[in-house]
Amino acid sequence: KEVKYTVGTPSGVAISTDATRVFYEGLENPLSVIGGSGDEKMQLTIEGAGASYSKSGPGQYIAKFSQLGTARVTANDGKTNVTVNIPVKRVPDPTPMIGGSAGGNMEASKFKAMRGLNVVLKDFVFEGVKFTVSSFTVVCSGKNFPEFATADNQGAAFSGRTQQLIDRLVPGSVVSIGQIEVIDPSGKKRNLEQLLTFYLD
């Protein structure tokens, strides 16, 4: 995706977000600043939303933000001053999955071969953005479970009581995974609303 947000003046000073029309909290956001008087005379300031930035090349910068809100980006080439306000947004929630599936029918043997819960950020403008699974709850019912059996799992990998319940799964069992907590790229915890339910056959 190549979507740019550029603000400039006839004098030739331009501020351009290189990847998207917004900045994202916790990510390295590329920014281009072009001035008519040359890169060596360009002065840049970024304020708001817990901004920090560094130069990555001629006219190229990396901006990071620790808060949501609005960033005020100002560029001055010694002749012209240009200011633009750019929103700082949260990276979208990822999609939780087991073996590439978000629920539905699955062979019991296939589910039992899985090692844990994955979270995937789909169709996002930046590649390689990672979330970490902090915890989730597993509920088993149906065949081989005369009563609902639950387990609280820490981390992404099935462990402890969760693995014990998974070992009991047979065709006709039902597994639900919910109360999913993840750590986003800015280090903040998020609770995902999705409930994954698998009907084993």
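Filter the range 118-143 down to the residues that are in contact (Cβ under 8 Å) with a residue 12 or more places away in the chain, outside any strand (DSSP E or B) and under 16 Å from Pro185 (Cβ atoms) and list them by number.
Leu121, Lys122, Phe124, Val125, Phe126, Val129, Lys130, Phe131
Given the residues Thr197, Thr162, which is the only one that is assigned to a strand (DSSP E or B) and more than 30 Å from Ser66 (Cβ to Cβ)? Reasoning before the result, please.
Numbers: Thr162 fails: assigned to a strand (DSSP E or B).
One residue alone meets the criteria, Thr197.
Would you check if there is a residue in the range 105-117 being within 18 Å of Glu181 (Cα to Cα) and either at pLDDT below 95 or outside any strand (DSSP E or B) (or both)?
Yes, because at least one residue in the range 105-117 is within 18 Å of Glu181 (Cα to Cα) and either at pLDDT below 95 or outside any strand (DSSP E or B) (or both).
Restricting to the range 144-186, and then to whatever is acidic (Asp, Glu) and in contact (Cβ under 8 Å) with a residue 40 or more places away in the chain, can you tell me which residue is nearest to Asn105 (Cα to Cα)? Please lay out each step first, then the result.
Of all residues in the range 144-186, those acidic (Asp, Glu) come to 147, 152, 167, 181, 184.
Applying the additional criterion that residues be in contact (Cβ under 8 Å) with a residue 40 or more places away in the chain yields 167, 181, 184.
On the way: Asp167: 18, Glu181: 24, Asp184: 29 Å.
Result: Asp167.
Quick one: would you say Gly38 is small (Gly, Ala, Ser) and either free of Cβ contacts under 8 Å to residues at least 12 places away in the same chain or under 14 Å from Val82 (Cα atoms) (or both)?
Here the answer is no, as Gly38 does not meet what is asked.
Select from the range 144-159 the residues that are over 18 Å from the mean Cα position of the chain (by Cα) and either hydroxyl-bearing (Ser, Thr, Tyr) or not in a strand (DSSP E or B) (or both) and list them in ascending order. Step through it out loud before you land on a result.
Taking the range 144-159 and keeping what is over 18 Å from the mean Cα position of the chain (by Cα), we get 144-154, 157-159.
Answer for the range 144-159, where residues must be over 18 Å from the mean Cα position of the chain (by Cα) and either hydroxyl-bearing (Ser, Thr, Tyr) or not in a strand (DSSP E or B) (or both): Asn144, Phe145, Pro146, Glu147, Phe148, Thr150, Phe158, Ser159.
All but one of (1) touching a residue at least 60 places away in the same chain (Cβ under 8 Å); (2) over 30 Å from Gly178 (Cα atoms) hold for Thr70; state the number of the condition that does not hold.
Failed condition: (1).
Please tell me if Lys189 is in contact (Cβ under 8 Å) with a residue 12 or more places away in the chain and of a type in the set (D, E, K, R).
Numbers: in contact (Cβ under 8 Å) with a residue 12 or more places away in the chain: yes; of a type in the set (D, E, K, R): yes.
Yes.
Quick check, is Pro30 surrounded by 13 or more Cβ atoms within 10 Å (Cβ to Cβ) and closer than 30 Å to Gln163 by Cα?
In short, no.
If I go through the range 107-124 residue by residue, how many of them are surrounded by 14 or more Cβ atoms within 10 Å (Cβ to Cβ) and more than 19 Å from Gln164 (Cα to Cα)?
Qualifying residue count, the range 107-124: 4.
The values are calculated or read from the model by the stated rules, or taken from the named source; none is laboratory data. Note that the structure is a prediction, hence the values are computed from the model and not measured. Please note: Cβ atoms are built from the backbone with ideal geometry, for glycine as well, and neighbour counts cover all protein chains shown.
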